[in-house]
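Participant: Below you will find the structure I want to go over with you.
The values are calculated or read from the model by the stated rules, or taken from the named source; none is laboratory data. Just so you know, these numbers come straight off a predicted model, no measurement behind them. Cβ atoms come from the backbone with ideal geometry, glycine included; neighbour counts cover every protein chain shown.
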Amino acid sequence: MPEEKKEGEEKSISVSWATFLEACLPGKIYPVKEIIEIDGPFFNIATPDLRLHCSNASCNGKQVFSYNGLKLPINIGKKADYLLEYICSNCKALHISFAVHVQIGSLFGINKAIKYGEPSHLWKGMRRE
């Protein structure tokens, strides 16, 4: 029985939104914090810089990736799908997209998120891998 408690404890541990995007596996619902960015009277999906691997020859390692898109509004108490595109801040050639589903139940509390699949990669001027 102690194993069941341990599994329950693991499920209740929340991760930051950046950690979720960087490291969490797709197909599983995670409790996520820091998912909302407040911009005056507007509530948007947070778009923190991420540390991801860039396989471009000029980078070939962990680099900072920055969000490359418009602000994405959210509604408290709603579920929604989002496509977040990030670009390597070093080479500007590798774009990584995350397809996510989020359930925003609380403005400042813990919310839920799931990735739909592995992040897709797009080289500038090329098709997705």
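Participant: Which ones in region 79-92 are farther than 15 Å from Y67 by Cβ and part of a loop (DSSP other than H, G, I, E, B)?
Facilitator: N90, C91
Participant: Return yes or no: is H95 without any contact (Cβ under 8 Å) to a residue 60 or more places away in the chain, of a type outside the set (K, R), under 23 Å from I13 (Cβ atoms) and in a strand (DSSP E or B)?
Facilitator: no
Participant: Go through region 24-42 residue by residue and tally those that are surrounded by fewer than 17 Cβ atoms within 10 Å (Cβ to Cβ), among the charged types (D, E, K, R) and assigned to a loop (DSSP other than H, G, I, E, B).
Facilitator: Of the residues in region 24-42, 1 are surrounded by fewer than 17 Cβ atoms within 10 Å (Cβ to Cβ), among the charged types (D, E, K, R) and assigned to a loop (DSSP other than H, G, I, E, B).
Participant: If you check F108, F65, which single one turns out to be surrounded by fewer than 13 Cβ atoms within 10 Å (Cβ to Cβ), hydrophobic (A, V, I, L, M, F, W, C) and either in a loop (DSSP other than H, G, I, E, B) or under 12 Å from the mean Cα position of the chain (by Cα) (or both)?
Facilitator: Result: F108 is the single residue among F108, F65 that is surrounded by fewer than 13 Cβ atoms within 10 Å (Cβ to Cβ), hydrophobic (A, V, I, L, M, F, W, C) and either in a loop (DSSP other than H, G, I, E, B) or under 12 Å from the mean Cα position of the chain (by Cα) (or both).
Participant: Follow-up. From the list I45, I74, exactly one residue is surrounded by 15 or more Cβ atoms within 10 Å (Cβ to Cβ), more than 16 Å from A18 (Cα to Cα) and touching a residue at least 12 places away in the same chain (Cβ under 8 Å). Which is it?
Facilitator: I74
Participant: Can you find even one residue in region 113-126 that is closer than 23 Å to S14 by Cα, modelled with pLDDT of 90 or more and surrounded by fewer than 14 Cβ atoms within 10 Å (Cβ to Cβ)?
Facilitator: Among the residues of region 113-126, not one is closer than 23 Å to S14 by Cα, modelled with pLDDT of 90 or more and surrounded by fewer than 14 Cβ atoms within 10 Å (Cβ to Cβ), which makes the answer no.
Residue-by-condition table, conditions (1) modelled with pLDDT of 95 or more; (2) of a type outside the set (G, A, S):
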{"site": "P2", "(1), (2)": "no, yes"}
{"site": "K5", "(1), (2)": "no, yes"}
{"site": "C24", "(1), (2)": "no, yes"}
{"site": "I36", "(1), (2)": "no, yes"}
{"site": "Q63", "(1), (2)": "yes, yes"}
{"site": "S66", "(1), (2)": "yes, no"}
{"site": "G69", "(1), (2)": "no, no"}
{"site": "I76", "(1), (2)": "no, yes"}
